[in-house]
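Visitor: This structure is in structure tokens; I'll ask about it shortly.
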Amino acid sequence: MAKQILYALFLCLLSRTMELTTASSAAAAGTSKRAVNFIQASCKSTTFPTVCFSSLSGYANSIQTSPQRLAETALTVTVSQAQSTKVFVSRLARFKGLKKREVQAIRDCIEEISDTVDRLTKSVQEVKMCGRAKGRDQFWFHMSNAQTWTSAALTNAITCSDGFARRIMDGRIKNSVRARIVNLGRGTSNALALLINAFAKKY
């Protein structure tokens, strides 16, 4: 009899634990859904909304519905993309049989992408400072800096791509570099749009 009572209590506790776990999971799923909807709605203000959503939706639980975290994450993701692009272009410089113009264009591009990484990193820091700003003036000072650095980073990426624009540069190297730069440019453009439309306008 005692064993039956203990067993019944065990089943009751197990059922209650499962209910709490289910409720907790449902709540987490609800939060994640709100975050995903927030990211999707915010990305509509960007030039490349599909790219924006696909690159940021995986960070929904971290972003939640925070405009600052959204902008900061977009910039951080773009920094990683720029670093990856820099590594890729640097490896191209080791290829044998490159034309002199290709070697120079690659070197110039590496320099431009290095600047892109640096400026995007500075933009991330400015966004963090926005979150710690004391008053409207401080906020807009750091926001203006973040937008300036991000715009400059986008210019660097475009300049790299322009180095491969001439027909004489046509070929595998040009296609490989420009494909990477196009993706980097889209990410940077989206990050800038989120800074302006998702974060700055919400202040």
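The values are calculated or read from the model by the stated rules, or taken from the named source; none is laboratory data. Predicted, not measured: the structure shown is a model, and the values here were computed from it. Virtual Cβ from ideal backbone geometry, glycine too; neighbours counted across all protein chains shown. Heads up: the accessible areas ignore ligands, DNA and RNA and are worked out on the full protein's heavy atoms, side chains in. Shrake-Rupley method; radii C 1.70, N 1.55, O 1.52, S 1.80 Å.
Visitor: Of the residues in the stretch 50-106, how many are among the acidic types (Asp, Glu) and closer than 21 Å to His142 by Cβ? Steps first, answer last, please.
Guide: Keep residues of the stretch 50-106 that are among the acidic types (Asp, Glu), which gives 72, 102.
If we keep only those that are closer than 21 Å to His142 by Cβ too, we end up with 72.
So the count comes out to 1.
Visitor: Working only within the stretch 148-197, note down all residues that are open to solvent by 20 Å² or more (accessible area, probe 1.4 Å), in a loop (DSSP other than H, G, I, E, B) and not aliphatic (A, V, I, L, M).
Guide: Result: Gly163, Arg166, Asp170, Gly171.
Visitor: Ok, one more. Look through Asp115, Asp137 and report the one residue that is within 17 Å of Phe199 (Cα to Cα), open to solvent by 40 Å² or more (accessible area, probe 1.4 Å) and not polar (S, T, N, Q). So that I can check it myself, show each step before the final result.
Guide: On the way: Asp115 fails: within 17 Å of Phe199 (Cα to Cα).
Only one candidate passes the filter, namely Asp137.
Visitor: Now, a different point. Have a look at Gly58, Gly97 and point out the one that is more than 30 Å from Arg167 (Cβ to Cβ) and either surrounded by 14 or more Cβ atoms within 10 Å (Cβ to Cβ) or without any contact (Cβ under 8 Å) to a residue 12 or more places away in the chain (or both).
Guide: Sole residue among the options that is more than 30 Å from Arg167 (Cβ to Cβ) and either surrounded by 14 or more Cβ atoms within 10 Å (Cβ to Cβ) or without any contact (Cβ under 8 Å) to a residue 12 or more places away in the chain (or both): Gly58.
Visitor: What about Ser123, is it within 20 Å of Lys201 (Cβ to Cβ), at pLDDT 95 or above, of a type in the set (Gly, Ala, Ser) and open to solvent by less than 40 Å² (accessible area, probe 1.4 Å)? Walk me through it before giving the result.
Guide: Values: within 20 Å of Lys201 (Cβ to Cβ): yes; at pLDDT 95 or above: yes; of a type in the set (Gly, Ala, Ser): yes; open to solvent by less than 40 Å² (accessible area, probe 1.4 Å): yes.
Yes, satisfied.
Visitor: Can I ask one more? Could you give me the residue pairs with C-beta distances under 8 Å whose first residue belongs to the stretch 185-199 and is closer than 23 Å to Ser161 by Cα and without any contact (Cβ under 8 Å) to a residue 40 or more places away in the chain, whose second residue is open to solvent by 10 Å² or more (accessible area, probe 1.4 Å) and assigned to a helix (DSSP H, G or I) wherever it lies, and which are 6+ apart or on separate chains?
Guide: Pairs that qualify, where the first residue is closer than 23 Å to Ser161 by Cα and without any contact (Cβ under 8 Å) to a residue 40 or more places away in the chain and the partner is open to solvent by 10 Å² or more (accessible area, probe 1.4 Å) and assigned to a helix (DSSP H, G or I), are Gly185/Leu154; Gly185/Ile158; Gly185/Ser161.
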